[in-house]
Structure formats: structure tokens, C-alpha cells
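Laboratory data are not the source of any read-out in this text; all were calculated from the coordinates shown. Values in this document were obtained by computation on a predicted structure and should not be read as measured data. Note that we place each Cβ from the backbone using ideal geometry, even for glycine, and neighbour counts take in every protein chain shown.
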Amino acid sequence: MLTDTAARNAKPKDKPYKMADSGGLYLLVKYAGKYWRMDYRYADKRKTLAIGVYPTVTLTAARKRRDEARELLTKDVDPALVKAVNKQIKKHANENTFQTLRLNGTPSNQLPGQNQPVRT
């Protein structure tokens, strides 16, 4: 089991290396930083889930995210796919809000996709 002290004191070496925790979770130590990763198998393929950057994501938070990913795997759901879908949802969540349409110059009496203003 990895400790927070060991993660904090991990120094980069000539090559990136892994510090294992449990359940496939490990800390990948590189010159650029320290990254939480989780290895798992889905559909008979080895996959790696990026969990976050240490110390922004603490050891406790990384373990919690690992447990959430393991729970998805027990339901036969790929955690990387769920993460990608959630990222797309967040990216497109505010695209068609009233404020976005106003900032893009849509006249107040013209609906998106229309060439002519709506007559009132």
C-alpha cells in the first residue's frame, strides 16, 4: 500500500516509474509531474484510466475514484468511456444557452437556425 508520505517524497528518475497502491491503482512519476493511473481489463483488453495529477488529486481521492471505476467494471461498463462521455457533456452543456446565443450576435427576435427574424 502506498502512503501519502511516499507519494509526496517520490522524485523523478532517468525514466518514468510506477509506485503501486492496490486494485490496479498506481502513481506514475515523471519529470513533468506525478499522475494517478489505474490499470484494468475490459473486453479482454488491458486499459489504463487516467485519474488525476498528484497533489491536486490526493491519495484518498484517487482511491475513491478507483473504487468508483471498479464498481462500473462490475456492472460491465468501461470507466474510460464513462469519463469520455461526461467530458463531452460538460463541454457541450452551455453551447445553446440564451447567454451564448446573445454573445454570438443572434438578434433577440431571431431563433437559432432561422434566416429571418420572427415577426411579432
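Annotations for the structure displayed:
- Whole-angstrom Cα spans of segment 4-103 along principal axes, big to small: 51, 33, 24
- GluC sites (Glu not before Pro) restricted to segment 45-95 and DSSP loop, no more than 10 other C-beta within 10 Å: 95
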